[in-house]
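Enquirer: I'd like to ask you about the structure that follows.
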Amino acid sequence: MNRLQDRLALVTGASAGIGAATARALAAEGAEVLLLARRIDRLEALAAELPRARCLAVDVRDAAALAHALEGEPVDLVVLNAGMARGADPIQVGSAEDSAEVVETNILGVLNTMHATLPAMLERGHGDVVFMGSVAGRWVYPGGAVYCATKHAVRALYEGARQDAAGSGLRFTTIDPGMVQTEFSDVRFRGDDDRVRSVYQGVTPLTPEDVADALLYAVTRPAHVNIGEIVLWASAQASCTVVTRD
């Protein structure tokens, strides 16, 4: 339908999972897409599928590199998707290095991307900023304190940005999914296959395409409509800790 024909979209964390699915969904609607992530091989493979896509091999934790890569790009649709978790240990036994990596990626990465894109978007007076949050930004679960803290921070940034940019013409949305089958658990548990399988065992989780579809709905509404918050659960998931398994 080409509802995004004249849009330039930036998707962070575009090399896999929700980011890659989102890039495909936006491209299918006619958007030109900037694919941003660290793994250039993954980005190039994805770009080869899409009619108008460019690759930016950048770590969102590197503010200077991010600002340089996006300088002069008239982005008007930003998907703040890059994020990760490490482990599921109680906070008292978790690794300080793991905590720092999660905080820097999930919070500073979002801030760095906003600093690199928002000023120009505000000058132009239109555009969409989509935060990829999580139900972990609404509820805390055992073993998830650090990850949940970062997603609570992302929710605060969403709410703060809406107020700071009120009347600007920009729209702000947070997409907060529950259990989605991506590489998230592989990264969290460092490829421990048994632990990864246990997350999704006996459950039909959300897919990255489910999340991308919700995002696409939000950014294709008429200009006077701002879909602020979307929470997605797998049907088998009643909360962060209550999951019905076959």
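The values are calculated or read from the model by the stated rules, or taken from the named source; none is laboratory data. Just so we're clear, the structure is a prediction, and the values are computed from it rather than from any experiment. Ideal geometry is used to build each Cβ from the backbone, glycine not excepted, and the neighbour counts take in all protein chains shown.
Enquirer: For Val93, state whether it is farther than 21 Å from Arg171 by Cβ, among the β-branched types (Val, Ile, Thr) and surrounded by 15 or more Cβ atoms within 10 Å (Cβ to Cβ).
Expert: Values: farther than 21 Å from Arg171 by Cβ: yes; among the β-branched types (Val, Ile, Thr): yes; surrounded by 15 or more Cβ atoms within 10 Å (Cβ to Cβ): no.
In short, no.
Enquirer: Among the candidates Leu10, Leu26, Leu34, which residue alone is touching a Lys or Arg at 6+ places or on another chain (Cβ under 8 Å), assigned to a strand (DSSP E or B) and surrounded by 22 or more Cβ atoms within 10 Å (Cβ to Cβ)?
Expert: Among Leu10, Leu26, Leu34, only Leu34 is touching a Lys or Arg at 6+ places or on another chain (Cβ under 8 Å), assigned to a strand (DSSP E or B) and surrounded by 22 or more Cβ atoms within 10 Å (Cβ to Cβ).
Enquirer: Related question: Under 19 Å from Val140 (Cα atoms) and modelled with pLDDT of 95 or more, is that true of Val243?
Expert: Working: under 19 Å from Val140 (Cα atoms): yes; modelled with pLDDT of 95 or more: yes.
So Val243 passes the test.
Enquirer: Can you name the residue in the range 189-208 that is at pLDDT 95 or above and crowded, with 16+ Cβ neighbours inside 10 Å and is also farthest from Val102 (Cα to Cα) among such residues?
Expert: The extreme case among them is Val203.
Enquirer: Take the range 221-239 and flag every residue that is surrounded by fewer than 16 Cβ atoms within 10 Å (Cβ to Cβ) and under 18 Å from Leu170 (Cα atoms).
Expert: If the condition is that a residue be surrounded by fewer than 16 Cβ atoms within 10 Å (Cβ to Cβ) and under 18 Å from Leu170 (Cα atoms), then Arg221, Pro222, Ala223, His224, Val225, Asn226, Gly228 are the ones that fit.
Enquirer: Answer yes or no: is there a residue in the range 66-85 that is among the charged types (D, E, K, R), out of contact with any helix residue (DSSP H, G or I) (no Cβ under 7 Å at 6 or more places or on another chain), surrounded by 17 or more Cβ atoms within 10 Å (Cβ to Cβ) and modelled with pLDDT of 95 or more.
Expert: Within the range 66-85, the subset among the charged types (D, E, K, R) is 71, 73, 76.
Those left that are additionally out of contact with any helix residue (DSSP H, G or I) (no Cβ under 7 Å at 6 or more places or on another chain): 71, 73.
The next check asks that each one be surrounded by 17 or more Cβ atoms within 10 Å (Cβ to Cβ); those that pass are none.
No, because not a single residue in the range 66-85 is among the charged types (D, E, K, R), out of contact with any helix residue (DSSP H, G or I) (no Cβ under 7 Å at 6 or more places or on another chain), surrounded by 17 or more Cβ atoms within 10 Å (Cβ to Cβ) and modelled with pLDDT of 95 or more.
Enquirer: Here's a follow-up. For the range 226-243, state whether one or more residues are more than 29 Å from Asn2 (Cβ to Cβ), hydrophobic (A, V, I, L, M, F, W, C), in contact with a Phe, Trp or Tyr (Cβ under 7 Å, 6 or more places away or on another chain) and not in a loop (DSSP other than H, G, I, E, B).
Expert: No, the range 226-243 contains no residue that is more than 29 Å from Asn2 (Cβ to Cβ), hydrophobic (A, V, I, L, M, F, W, C), in contact with a Phe, Trp or Tyr (Cβ under 7 Å, 6 or more places away or on another chain) and not in a loop (DSSP other than H, G, I, E, B).
Enquirer: Right, another one. For the condition under 30 Å from Ser168 (Cβ atoms) and of a type outside the set (Ser, Thr, Tyr), what is the one hit in Ala100, Ala28, Ala85? Quick ask: steps written out before the conclusion?
Expert: Values: Ala100 fails: under 30 Å from Ser168 (Cβ atoms); Ala85 fails: under 30 Å from Ser168 (Cβ atoms).
Answer to the check: Ala28.
Enquirer: So is Asp186 assigned to a helix (DSSP H, G or I), more than 24 Å from Gly87 (Cβ to Cβ), within 18 Å of the chain's Cα centre (by Cα) and not aliphatic (A, V, I, L, M) or not? So that I can check it myself, show each step before the final result.
Expert: On the way: assigned to a helix (DSSP H, G or I): yes; more than 24 Å from Gly87 (Cβ to Cβ): no; within 18 Å of the chain's Cα centre (by Cα): yes; not aliphatic (A, V, I, L, M): yes.
Spelling it out, it is not the case that Asp186 is assigned to a helix (DSSP H, G or I), more than 24 Å from Gly87 (Cβ to Cβ), within 18 Å of the chain's Cα centre (by Cα) and not aliphatic (A, V, I, L, M).
Enquirer: Starting from residues that are under 20 Å from Thr207 (Cβ atoms) and basic (Lys, Arg), keep the ones in the range 1-51 and report whichever is farthest from the chain's Cα centre (by Cα).
Expert: Residue satisfying both the conditions and the ranking: Arg42.
Enquirer: Could I ask something else about it? State yes or no: is Leu111 at pLDDT 95 or above and buried (at least 18 other Cβ atoms within 10 Å of the Cβ)? If you could, list the steps in order and put the result at the bottom.
Expert: Details: at pLDDT 95 or above: yes; buried (at least 18 other Cβ atoms within 10 Å of the Cβ): no.
When the stated conditions are applied, Leu111 does not pass them.
Enquirer: Still on this model: Go through (1) without any contact (Cβ under 8 Å) to a residue 12 or more places away in the chain; (2) surrounded by fewer than 16 Cβ atoms within 10 Å (Cβ to Cβ) and name the single condition Arg54 misses.
Expert: Of everything listed in (1) without any contact (Cβ under 8 Å) to a residue 12 or more places away in the chain; (2) surrounded by fewer than 16 Cβ atoms within 10 Å (Cβ to Cβ), Arg54 misses just condition (1).
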